[in-house]
Each structure stands twice: as structure tokens, then as C-alpha cells.
Amino acid sequence: MKTKMRLFAVMTGFALIFATWGSVVARAQKLPTVSLNVTIEDTTSDLVTPTQVRSDGGGVYTDGVGGVTAELGSNGNINILFWPGRGTPTRNLYFNHSPIDGQFFSGPLPGSPFQGGQIPPSGYGNNPHLYSNPPNPALATPYVAIQNMALGTAQCVQFYWAWGYRDLFHFGQANTANTPTAFVVVSRDTVDQWTVGTPPSGFGCPVNDPVTLVVHDVAISKGQTTTVQDGNFYLPFRLTLRRKQ
């Protein structure tokens, strides 16, 4: 009887090990990537407020065309690289960081904690690209891989634009409890379309104003770099992502 009990315990232990290992493998499985066409919109979701990230006037950005990579990655996040200078013809993006009358978040203000903060230049980006990540720590609603989102649903994500400087939407150094930086909202509109942008008022992310922390790298001795925080900036934007057919 004791032998049977010990055998049962051993087999149960193995079953638990394999079940746990199987769940880890399942979590690690890669998702199919989704190739995209990307439209940079000129207004936010209210169709009135001007956006401050604009296209180069060349129309839709297509994965695999003009040096562009645009996909929902195998890890369930957004990965888009515009890379001017790495394709023929090349594509770019225009970033507007000019101060806006009446807008509090328009760069380092008097008394700003950002030493060395400066207003970044407005203009076309230097190899612009973007990336999203799940919220960390997790929010109340579990994160869903973007290609697996149900129709009509939306969720908050960490996000950054890189363009020589970096605009951090609750990403990296901006991912702190007391930051005024916004999360970005991703919604699934149809089977083949997603909208990505700064959150509409009252959406439900912890911060709703379309605010980003701008940082840039400064080279120091022996090939090392340090990151300088330039301040919080108002940077509304909206993208439409459509599955490339």
C-alpha cells in the first residue's frame, strides 16, 4: 500500500511538473505576425483636435515598401520602423514639439525638475520608429496580444516614438507612479483594422492627457552615454493600422 502511495505521489509530481512546463511553453509560443498598412491621421479620435505627429505627405506607409517595417509582432506588440535612408524611395515622419498657447505641457517650465531640459526640434525625424508594450505593472484588465483583441475592445499600452529624441508614453523612465505621461490606447475596429493613439478624454487609462516625456542621449567619455530628460510635452497622435492583404 505504501509503495502504491509513493508511486501515486511521484506520478502526481511529474504530472504537475509537465503541466507547469506545458503552460510555460504555451505562454512562450509566438503569434503569427500581421503585416500592416499604416495611415498617420491629421486629427485625434474626436476628428477635430490636430495631431502633432504627421506623415511626409506620401500616403499610406506599407510594410516592406520604401524601407518600412510595419507589423503586429510575434510577441503581440506593435513594431513599426520608418527608417528614412534605408529604402528607395524613403519615408519619414514630422514631429511638432513647438509650444502651444494655453497648453501646460509644452516643455521644461520654470522650476522644472528636468535639469538640462530643452525644447526638442520640430521637423522630420531621424530614423523614426515606434514600439508598444503591455502596461507594467499590469492594469485591472489583463493585457491581450493586439492581434488577438476582440472586436470592439480597447486597451491601454506603454508606447514610445524614437526619432533622434524619444517620446515616452508611460514607457521606460516615464513608467512611474507619479508621472503625468499618458498611456496609449489601442482599439480593434474590425477584423482587419486597429486604431492607435493618445487616449480620448475619460477613456479609463490612469492618465488621459496626451502627454509624453521627451528624452535624448548625450555622449560622455569612453563611449558611454547618459539620458537627459527634457520635460513633458503635449503630443497627440492617431494611427490607423490595416492588415496588408
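The values are calculated or read from the model by the stated rules, or taken from the named source; none is laboratory data. None of these values were measured; they are calculated from a predicted model. No Cβ is skipped: glycine too gets one built from the backbone with ideal geometry, and neighbour counts run over all protein chains shown.
Some values worked out for this structure:
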item	result
When residues of region 70-99 are limited to those that are free of Cβ contacts under 8 Å to residues at least 40 places away in the same chain and either of a type in the set (Gly, Ala, Ser) or within 21 Å of Gly197 (Cβ to Cβ) (or both), the one surrounded by the fewest Cβ atoms within 10 Å (Cβ to Cβ)	Ser98
Filter result (of a type outside the set (Val, Ile, Thr), modelled with pLDDT under 70 and either more than 22 Å from the chain's Cα centre (by Cα) or farther than 22 Å from Asn75 by Cα (or both)) within region 18-61	Phe18, Ala19, Trp21, Gly22, Ser23, Ala26
Selection status of Asn208, crowded, with 22+ Cβ neighbours inside 10 Å, more than 14 Å from the chain's Cα centre (by Cα) and modelled with pLDDT under 90	no
Conditions (1) among the polar types (S, T, N, Q); (2) at pLDDT 90 or above; (3) under 20 Å from Tyr160 (Cβ atoms): number failed by Ser106	(2)
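Here's the yes/no breakdown for (1) assigned to a loop (DSSP other than H, G, I, E, B); (2) modelled with pLDDT of 95 or more:
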site: Ser132; (1), (2): no, yes
site: Asn136; (1), (2): yes, no
site: Leu151; (1), (2): yes, yes
site: Val196; (1), (2): no, yes
site: Pro199; (1), (2): yes, no
site: Gly204; (1), (2): yes, no
